[in-house]
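The values are calculated or read from the model by the stated rules, or taken from the named source; none is laboratory data. Note that the structure is a prediction, hence the values are computed from the model and not measured. Heads up, the Cβs are rebuilt from the backbone with ideal geometry, glycines too, and the neighbour counts pull from every protein chain shown. For accessibility, only protein heavy atoms count, side chains too; no ligands or nucleic acids. Shrake-Rupley method; radii C 1.70, N 1.55, O 1.52, S 1.80 Å.
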Amino acid sequence: MTGDMPNVLVDQHGKQVMSLRDVALHGQNSLLSGHPMSNADPGTKLERRPSFGSMSVASRALHPSDSYLLGPKRPRPHKIWKKKYIKVMVVGDSGLGKTTLVRALLSTPGERMQVHDGTYTSKEQWLKDPESLCSTVSWRDEEDRTIWVYKIQDTPGYGDDLDVSRSINLFTTYIEEQNYKWLEMEQSSERKDDMSEMEDPRVDICIFAIPPHRLRAVDIKVMFDLGQYVPLVPVITKADTMTIREATSYRNEVDTKLSNPMIPGVKDKINVFKFERDTMERAGITDHATPTPPFLIVASNDINEDLNTGDPPVFWPERRYPWGTAEAFNREHSDLLGLRALLLKEALEEVNKTKRQRYEGWRRKALNAARNGRRLRQTLLWTIIPALACLHIGRTGLNISQVRKHVSNTTSKFRRHVNRIRQPLPPAATPAEEVASPAPMQQEPQKQRPKFGVF
């Protein structure tokens, strides 16, 4: 059958009476006036039966999933599982409770985080294995089909070191090394997976622990230098050692000094991570006169066991004193619950996006420095050294041994000069070399050679 069958009129028994075309030409009265195709009685009830060719799509039975494709809205694509990585670095003076803060941020009822205490961890040990002070948790976001891998990198306290610049170089070098690891992974010719499927070692944000009662000049110096590499979230630890009036006054004082440090060697404000106001409101941080950090934090290793074993269980750290109890997650006592909401839920995408933007700026500088290094090398090899060799030959005559010696000395001097110029980016020496005994002066240029340097 090549064409559509025309619609026909049938009686209640399914018997064909006449076509609709004849009805249109002769009128419905022709059914009762002896039309050749009329076999119906005058009281016959007629109904219209569509043929297969004229059947509409809406009259057919649809699969439930087809309505999403044929409705007025565009279909929602099916998502696949993906991983996102967050790394938070914790820096502060010794004895401020950084490890306790990490445990309070990541623990859940019935699952106490086993965090390695870095109080007695030497810098040499941390340089050899930074992962020894790294705590990792992961969870699934079923709605967005995302697996979040969350790492908090603890660090040794800088207060035990008489030369605080060594500690500053320790932290900044670690951050730079993580950026270079990611850059190497991007440029590797042996990479088989997409970058979105690889573990991200870069540092997203840094929690800086500030001592209570008094902000020292050394704390501001460390925050300023560290903020050149990663944004900070300043927190005032052990806030339960201050009265309500002292805590409010000290918070305002710290906030003022973060915006205007006014100490020698620090000429600009400290790079503090600015959370969006909507993000702060979602985290429940709206009652303070200062809607931005620093946060007043109370953390504890002591847990309320009645709440921890209740139904439902609640993780509730607290500090008990003879005169009362300071509850870490009570918003009237501490900002720890708001900080936990920010770092583990509300600001995750915001922090991750800021890291990617910051890395793109760092990446441009690193690649431009490598490109300039190649240009200097070409200039050295094809212009300066041949010119010096010709000049030397013109003065003293052609002596192969002297020419080689002169070229070698000139090359060594030029390498040392270039290394001194490029010393700030990347750091001049690896952390392991700075902590260890100093190398001989003859080998210094080779050990201070940058990874993406000139030679």
Next on the checklist: Condition first: of a type outside the set (D, E) and either within 30 Å of T243 (Cα to Cα) or not in a helix (DSSP H, G or I) (or both). Now tell me which residues in the stretch 155-187 satisfy that.
Outcome noted: T155, P156, G157, Y158, G159, L162
Checklist entry - Pairs under 8 Å by beta carbon, first residue over 18 Å from S196 (Cβ atoms) and open to solvent by less than 80 Å² (accessible area, probe 1.4 Å) in the stretch 353-371, partner of a type outside the set (S, T, N, Q) and assigned to a helix (DSSP H, G or I), six or more apart or different chains? => result A366/Y180; A366/L183
Checklist entry - What residue, of L232, L215, is at pLDDT 95 or above and either touching an Asp or Glu at 6+ places or on another chain (Cβ under 7 Å) or farther than 19 Å from R319 by Cβ (or both)? => result L232
Checklist outcome for this item: Of those in the stretch 93-130 that are modelled with pLDDT under 85 and outside any loop (DSSP other than H, G, I, E, B), the residue nearest to A299 (Cα to Cα) is E111
Item to check | Count of the stretch 249-262 residues which are in contact with a strand residue (DSSP E or B) (Cβ under 9 Å, 6 or more places away or on another chain) and of a type in the set (V, I, T) | outcome: 1
Checklist outcome for this item: Residues in the stretch 141-162 that are surrounded by 15 or more Cβ atoms within 10 Å (Cβ to Cβ) and closer than 26 Å to D129 by Cα total 13
Item to check | Count of residues meeting criterion [more than 16 Å from F171 (Cα to Cα) and either open to solvent by 30 Å² or more (accessible area, probe 1.4 Å) or of a type in the set (F, W, Y) (or both)] in the stretch 212-234 | outcome: 4
Next on the checklist: I need the helices (runs of 4 or more DSSP H) fully contained in the stretch 261-347, keeping only those with at least 2 residues that are at pLDDT below 90.
Outcome noted: 277-282, 305-308
Next on the checklist: Among the residues that make up the stretch 188-211, is at least one of them open to solvent by less than 10 Å² (accessible area, probe 1.4 Å) and in a helix (DSSP H, G or I)?
Outcome noted: no
Next on the checklist: If I go through the stretch 133-154 residue by residue, how many of them are more than 17 Å from A347 (Cβ to Cβ), among the aliphatic types (A, V, I, L, M) and part of a strand (DSSP E or B)?
Outcome noted: 1
Checklist entry - Looking at T325, T279, which is the one that is hydroxyl-bearing (S, T, Y), free of Cβ contacts under 8 Å to residues at least 24 places away in the same chain and either over 28 Å from L232 (Cβ atoms) or open to solvent by less than 40 Å² (accessible area, probe 1.4 Å) (or both)? => result T325
Item to check | Pairs where the first residue, in the stretch 287-303, is over 18 Å from A326 (Cβ atoms) and of a type in the set (G, A, S) and the second is open to solvent by less than 30 Å² (accessible area, probe 1.4 Å) and modelled with pLDDT of 80 or more, C-beta under 9 Å, 6+ apart | outcome: A289/R251
